[in-house]
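Colleague: Right, I'll just put the structure down here and ask away after.
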Amino acid sequence: MATLTQILTTLAADAFKAEGLDPAYGTVTTSDRPDLAQFQCNGALPAAKAQKQNPKALAEKIAARLKADPRLAKVEIAGPGFINMDLTDEALAAHIDKLRDDPRCGVPTRATPQTVIIDFGGPNIAKTMHAGHLRSLVIGDALQRLHRFMGDKVISDVHFGDWGLQMGQLITELKREQPNLPYFDEANKGPYPNQSPVTMEDLERIYPKASAACKADPERLDEARKATAELQAGRPGYRALWEHFRGVSFAGVRREFDALDISFDWWKGESDVDKLVAPMVDDLKRRGLAVESQGALVIHIAEEGDKRELPPLIVQKSDGAALYETTDLATIVDRVAKADPDLMLYVVGQPQHDHFEKVFRGARKAGLAGKATLEHIGFGTVNGPDGKPFRTRAGGTVKLFDLIEQAKQEARKALRELAIARGENPPEERDMSPEALAEGEEIARQVGLAAIKFADLQNHRLTNYVFDLARFTKFEGETGPYLQYAAVRCKSLQLKAVQMGHWPDAISRIESDADRNLALTLDRLPGAIDQATAKRAPNVLCSYVFELAQAFSRFWAAHNIVNERDEELRGARLSLCALTFTALTRSLSLLGIEVPERM
RNA sequence: GGCCCCGUAGCUCAGCGGAUAGAGCAACUGCCUUCUAAGCAGUGGGUCGCAGGUUCGAUUCCUGCCGGGGUCACCA
């Protein structure tokens, strides 16, 4: 179903066309000046410029044509030639009434669905995910939900970091600690123990140690490089050990994904494309695209008219090993072979922008990407109160799992304060039944997640933001919990109405400013979803949901709905309420946020 | 030094060619015997970093400068 701005755009486009002008000038948008009108069309200004006409006179001509439509209550010219329009309440009511019982809230599915691969999360073996991973996960998940809702075929891929130098660093460090393990004995070709010799905690401890040692000692680094190359060449003991590293790491990462309610279609990693590397490199060499430079094999990706000098893309290190440029390129080959996507999105921090620019250029130059458009979806950092990237007081990274736990904790506190403020007397936990405890726990989980997800998504991707849990978990202001609360109020109102024997009915009347404003806001959901998806900017949807919640709160404060005596009006308002609940729930779910049963 | 991102209200951030630049928080003023008042209605608060340019019109586009962050071939 077309939205009101779309319907009015068609109308205005026809008017411009009738004047012999480009219909594209007919774009109608929600008014920037809600005090003056509901909708506006600015097309007369550029059109008049192109035609060397008086903009006001042209606007008058267009307006005269628009006035003929009975759905418009008002068509006015303002300022230099803005055309302002208001709908009649009848037309607005009739339009919104059609949205009733549409679980998609008027959002159409795409005419030509696309295959989209979204690469996000990007955990590494041996490294517990930390606060820095939050943005990739939350933004990537929102994008995956949005594209899926639009009807695209989405494949999300965690793209595990399981194949670089860090593997050699881990192997060699473990060898120092436990040299007698069978994996290090070259004579032992297996089989090896099923039980992992290390836990996630071991890996977490070993990795930084190895990394630091390699930094300090070139010989130690060489050793790690050699082990990496041997692993990649298929040395059985290293291979078996590496499988254990992976198993342990996967289990750890899965725990965090579950905690965040985020799932992936593909659990692929750099290692999965290992077999593709050699043939790809050979092919690039044969075609003269990859050339030798300073001992390494590179693709020159500088382009005509470059403002900056991009270093070449390294396909193979001088020691013959693959590095992440190589696996990224091979991953493109793999994805094209498996899914032939129209679009690939890489939700990775902004500092890696140049890396992706290089890889994308290399892929395009070598024709590896098929029909796919490749896009880096960068994002800024999560900062602490000092404005610097989020750290613990000791200076270490903040673990993602701890962050989620803290959010739950804060949510629990906030919920308790909410109950107290409401005049309830919440019992102490020890006095609660197991059922009540479990329910409270579930609500705290949902609210805590909403708090961190919404806080992350409401900022534009590229801006760095300050992580402030106390602020995020507040039920007031532009927060996830406030939105959940609005949705829950909406639902409780409906339940109350049903208990009184009142049911939603046709939206046949729109009477107050609050009715009108809520109806107009509901119609903007498809536009918000479209923009958020097209711009890969979930913050667009965030500000929309907030505005919807505000419009609902105003509506709620302005009318006592369940006690409305006018049956027709009551039915219409209950329908507006039902629509709002669907729209809120839908929008929040696209952001990865659940609405609790009650709060 | 080259390049990329950012600089908007006291604070946290939207907006990115159009009318009087917005929201939340904080401050102040009203409104709870009625569907959840952590809500609603309202007030105050800004040379949109600075200087030029393009345009009928610039916070938005271009150039230069200042300030913050990032990055500059064999780590990811």
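Colleague: Quick one: in the stretch A:400-425, which of the residues that are among the aliphatic types (A, V, I, L, M), crowded, with 21+ Cβ neighbours inside 10 Å and within 30 Å of A:Asn124 (Cβ to Cβ) is nearest to RNA strand B (Cβ to nearest atom)?
Modeller: If we take residues in the stretch A:400-425 being among the aliphatic types (A, V, I, L, M), crowded, with 21+ Cβ neighbours inside 10 Å and within 30 Å of A:Asn124 (Cβ to Cβ), then A:Ala411 is nearest to RNA strand B (Cβ to nearest atom).
Colleague: In addition: Can you pull out every residue in the stretch A:40-66 that is closer than 30 Å to A:Leu518 by Cα and open to solvent by less than 10 Å² (accessible area, probe 1.4 Å)?
Modeller: A:Cys41, A:Gly43, A:Ala44, A:Ala59, A:Ile62, A:Ala63, A:Leu66, listed by residue number.
Colleague: What do you reckon, is A:Ala57 away from RNA strand B (no atom under 11 Å from the Cβ), more than 32 Å from the chain's Cα centre (by Cα) and either in a strand (DSSP E or B) or modelled with pLDDT under 95 (or both)?
Modeller: Working: away from RNA strand B (no atom under 11 Å from the Cβ): yes; more than 32 Å from the chain's Cα centre (by Cα): yes; either in a strand (DSSP E or B) or modelled with pLDDT under 95 (or both): yes.
Against the criterion (away from RNA strand B (no atom under 11 Å from the Cβ), more than 32 Å from the chain's Cα centre (by Cα) and either in a strand (DSSP E or B) or modelled with pLDDT under 95 (or both)), A:Ala57 qualifies.
Colleague: What residue, among those in the stretch A:260-282 that are among the small types (Gly, Ala, Ser) and within 17 Å of A:Gln232 (Cα to Cα), is surrounded by the fewest Cβ atoms within 10 Å (Cβ to Cβ)?
Modeller: The initial filter retains those residues of the stretch A:260-282 that are among the small types (Gly, Ala, Ser), namely A:263, A:269, A:271, A:278.
Now narrow it down to the ones that are within 17 Å of A:Gln232 (Cα to Cα): A:269, A:271, A:278.
Values: A:Gly269: 24, A:Ser271: 20, A:Ala278: 12.
Residue satisfying both the conditions and the ranking: A:Ala278.
Colleague: Can you name the residue in the stretch A:241-259 that is among the aliphatic types (A, V, I, L, M) and farther than 16 Å from A:Glu405 by Cα and, of all such residues, is least open to solvent (accessible area, probe 1.4 Å)?
Modeller: A:Leu241
Colleague: Among the residues of the stretch A:565-599, what is the count of those that are open to solvent by less than 40 Å² (accessible area, probe 1.4 Å) and in a loop (DSSP other than H, G, I, E, B)?
Modeller: Here the count works out to 6.
Colleague: How about the stretch A:504-519: which of its residues are more than 14 Å from RNA strand B (Cβ to nearest atom) and either not in a loop (DSSP other than H, G, I, E, B) or not acidic (Asp, Glu) (or both)? Can you show your working first?
Modeller: So the first thing to find is which residues in the stretch A:504-519 are more than 14 Å from RNA strand B (Cβ to nearest atom), and the list is A:505-511, A:519.
Within the stretch A:504-519, A:Ala506, A:Ile507, A:Ser508, A:Arg509, A:Ile510, A:Ala519 qualify.
Colleague: I'm trying to understand the selection: among the residues of the stretch A:535-564, which are closer than 16 Å to A:Ile507 by Cα and either out of contact with any Leu (no Cβ under 8 Å at 6 or more places or on another chain) or not in a helix (DSSP H, G or I) (or both)?
Modeller: Selection gives A:His559, A:Ile561, A:Val562, A:Glu564.
Colleague: Considering only residues that are in a loop (DSSP other than H, G, I, E, B) and over 16 Å from A:Asp523 (Cα atoms), which ones fall in the stretch A:1-22?
Modeller: A:Glu19, A:Gly20, A:Leu21, A:Asp22
Colleague: Could you please find all residues in the stretch A:523-532 being surrounded by fewer than 23 Cβ atoms within 10 Å (Cβ to Cβ) and either in a helix (DSSP H, G or I) or within 11 Å of RNA strand B (Cβ to nearest atom) (or both)?
Modeller: Across the stretch A:523-532, the qualifying residues are A:Pro526, A:Gly527, A:Ala528, A:Asp530, A:Gln531.
Matching residues to (1) open to solvent by less than 40 Å² (accessible area, probe 1.4 Å); (2) within 23 Å of A:His95 (Cβ to Cβ):
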{"position": "A:Ala506", "(1), (2)": "yes, yes"}
{"position": "A:Asp513", "(1), (2)": "no, yes"}
{"position": "A:Leu520", "(1), (2)": "yes, yes"}
{"position": "A:Asn539", "(1), (2)": "yes, no"}
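Colleague: Continuing with this model, one more query. Somewhere in the stretch A:451-470, is a residue touching a helix residue (DSSP H, G or I) at 6+ places or on another chain (Cβ under 9 Å), near RNA strand B (Cβ under 8 Å from one of its atoms) and of a type in the set (A, V, I, L, M)?
Modeller: Yes; the residues of the stretch A:451-470 include at least one that is touching a helix residue (DSSP H, G or I) at 6+ places or on another chain (Cβ under 9 Å), near RNA strand B (Cβ under 8 Å from one of its atoms) and of a type in the set (A, V, I, L, M).
Colleague: Which fully enclosed strands (runs of 3 or more DSSP E) of the stretch A:76-192 have 3 or more residues being out of contact with any helix residue (DSSP H, G or I) (no Cβ under 6 Å at 6 or more places or on another chain), open to solvent by 10 Å² or more (accessible area, probe 1.4 Å) and farther than 30 Å from A:Ala216 by Cβ?
Modeller: Correct list: A:82-87.
Colleague: Sticking with this one: Being out of contact with any strand residue (DSSP E or B) (no Cβ under 6 Å at 6 or more places or on another chain), acidic (Asp, Glu) and within 9 Å of RNA strand B (Cβ to nearest atom) is the filter here, so list the residues in the stretch A:295-327 that pass it.
Modeller: A:Asp306, A:Glu309, A:Asp319
Colleague: Quickly run through the stretch A:284-306 and pick out the residues that are part of a helix (DSSP H, G or I), free of Cβ contacts under 8 Å to residues at least 40 places away in the same chain and either in contact with a Gly (Cβ under 8 Å, 6 or more places away or on another chain) or surrounded by 14 or more Cβ atoms within 10 Å (Cβ to Cβ) (or both).
Modeller: Matches in the stretch A:284-306: A:Lys285 only.
Colleague: To continue, here is another question. Somewhere in the stretch A:319-337, is a residue in a strand (DSSP E or B) and within 24 Å of A:Asp222 (Cβ to Cβ)?
Modeller: no
Colleague: So for the stretch A:26-34 (the condition being in a helix (DSSP H, G or I), open to solvent by less than 60 Å² (accessible area, probe 1.4 Å) and either of a type outside the set (Phe, Trp, Tyr) or within 16 Å of RNA strand B (Cβ to nearest atom) (or both)), does at least one residue qualify?
Modeller: Within the stretch A:26-34, one or more residues are in a helix (DSSP H, G or I), open to solvent by less than 60 Å² (accessible area, probe 1.4 Å) and either of a type outside the set (Phe, Trp, Tyr) or within 16 Å of RNA strand B (Cβ to nearest atom) (or both).
Colleague: Please work out if A:Gly501 is assigned to a helix (DSSP H, G or I) and away from RNA strand B (no atom under 12 Å from the Cβ).
Modeller: no
The values are calculated or read from the model by the stated rules, or taken from the named source; none is laboratory data. Please read all numbers here as calculations on a predicted model, not as lab measurements. Neighbour counts are summed over all protein chains in view; Cβ atoms, including those assigned to glycine, are modelled from backbone coordinates with ideal geometry. Heads up: the accessible areas ignore ligands, DNA and RNA and are worked out on the full protein's heavy atoms, side chains in. Shrake-Rupley method; radii C 1.70, N 1.55, O 1.52, S 1.80 Å.
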